[in-house]
1. Taking amide H positions as placed 1.01 Å from N in the peptide plane, with prolines and chain starts having none, which residues 5 or more places from Gly321, or on another chain, fall under 5 Å of its amide H?
2. Ordered by residue, what ³J(HN,Hα) values in Hz, to whole numbers, does segment 229-244 give under the Karplus form 6.51 cos²θ - 1.76 cosθ + 1.60, where θ = phi - 60° and Gly and Pro are x?
3. Which part of segment 319-351 falls in the paramagnetic zone of Gln396, meaning amide N under 14 Å from the point 7 Å along Cα-to-beta-carbon?
4. Starting from the Cα of Lys345, step 7 Å along the direction of its Cβ; do the same at Arg140; then give the gap between the two resulting points in nm.
5. Could you size up the charge dipole of segment 139-408 around its Cα centre, putting +1 on the beta carbon of Lys and Arg and -1 on that of Asp and Glu, and report it in debye to the nearest 20?
6. Would you mind checking which residues have amide H under 5 Å from Leu230's amide H? H placed 1.01 Å from N; only 5 or more apart, or other chain.
7. Please report the net charge: other residues with Cβ closer than 14 Å to the Cβ of Ile330, K and R +1, D and E -1.
8. Can you put Tyr147, Tyr373, Tyr270 in order, fewest other beta carbons within 10 Å first?
Amino acid sequence: MPARDDLNDPLGQKPLKPRRAIPLRPVLFGAAGLLLIGGGAFLQWRGDPMGGEPHVVAAITPAKAVAPAQPTAPKATTAATSNAATGAIALPAGDAPASEIEQRSGVKVVRSGGAQAPGSVIIDVPKVLAQRLAPAPDPRLVEKSRYGLLPRVGSDGARPSEVYARPAPAAKAPRIALIVGGVGLSDKATAAAIDSLPGTVTLAFAPYGKDLKAKVAQARDAGHEVILQLPMEPIDYPQTNPGPHTLLASATAAENTDNLHWLLSRFTGYTGVANFLGGKFTSDAKVLKPVLREIGQRGLFYIDDGSSARSTGLAAAAEVGLHAVRADLILDAQGSDLMDGNFTKLEALARSQGTAIGMVSDLPGSVQNLARYAQAATAQGITLIPLSAAVRIEVQARDASNEAGTAHPTRVFRAQ
């Protein structure tokens, strides 16, 4: 390559050096940074973090209270009285209909088919709802057997007599527990007892009815506490035969226990058991105690229906540690026509001893009279309680008497 000849190059014609392009990205980042720094300094100088936000200052004047409209139409008084009696809920006469409310609020409600806004809506709410009982069977409280599910005490100590019980109202004496026996044998009578009696009345189901599980579930859904009746040998057995698997004074303890298991497996959800007949069986403590011991170990209580003066049920229950009570009166023992006098006697017992227990059979006349009395009892200052509550009250009274060293009526026994 020849050497450069400066003498022959044009004067002032030095070659131009290429210019470098200015990078655009650093310039943009720098400008953004300056804006942020400047904005932060501006806010710091103003001391207003909301500076730059559009805002307006407006005076707010509290609205004057508007006196509620007074009903003037005579119908308002009549409707209020009717609603109080039936439990219905309705808008007061002074309230605006739905169309006016929509117009005032500016909200347009589009209804199916172009229907217009309705007027006042009356919602009928039942005054008394059925007391919800714990579901049955509770998996903790059952065990399988060759006959079906048997009650038992749960591993956590839960007992059928407590879990399946109807909650009792918190009320002071006088209190009465009412029990209807023989439920489940007649479909019509069973339905009448479930539907016409308040849930505070306890229903005692016989073990021989059809569709017992469904009937018991219906009774419990209506709020009724249920117990199971155990057929026991009467004085004139076998002329009077309670039915299959009757507990017999002549049977061995193992035989009676096996029959007891069959009886206990008929349905679930019961809190305790009661004797059905049993004049001979309950008079023999030796044959009765193994049965009562089994009942207690399965977390149940026992009620003696009071039909036999020779019964050793309470004393035998005390020896085996079973919670037990005895009914004070069989209210229809002389027939359903003479029940009113027994209601008066039962009330007198409740007022004198705090709690009384009465039983009736599942006969149409007896159930009708009991339903009528149950409605009138509250007005007379009587509180109706489920049987489990009566057992608990009596056991607590017995324990308190034992701790205080005072005597307690032998209506209830509990082994110490």
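Bear in mind these aren't lab numbers, they're just calculated from the coordinates by the rules spelled out. Everything numeric in this text was worked out from a predicted model, so none of it was measured. Glycine also receives a Cβ, built like all others from the backbone with ideal geometry; neighbour counts cover every protein chain displayed.
1. Those lying under 5 Å, H to H, from Gly321 are Ala415.
2. 8, 9, x, 10, 4, x, 4, 9, 5, x, 4, 9, 10, x, x, x
3. In segment 319-351, the label zone of Gln396 (backbone N under 14 Å from the point 7 Å along Cα→Cβ) covers no residue.
4. 4.2 nm
5. Using only the charged Cβ atoms, the result is roughly 460 debye.
6. HN-HN under 5 Å from Leu230: Ala274, Asn275, Phe276.
7. Charge balance near Ile330 sits at -3.
8. On the way: Tyr147 15, Tyr373 23, Tyr270 26.
In order of increasing Cβ crowding within 10 Å: Tyr147, Tyr373, Tyr270.
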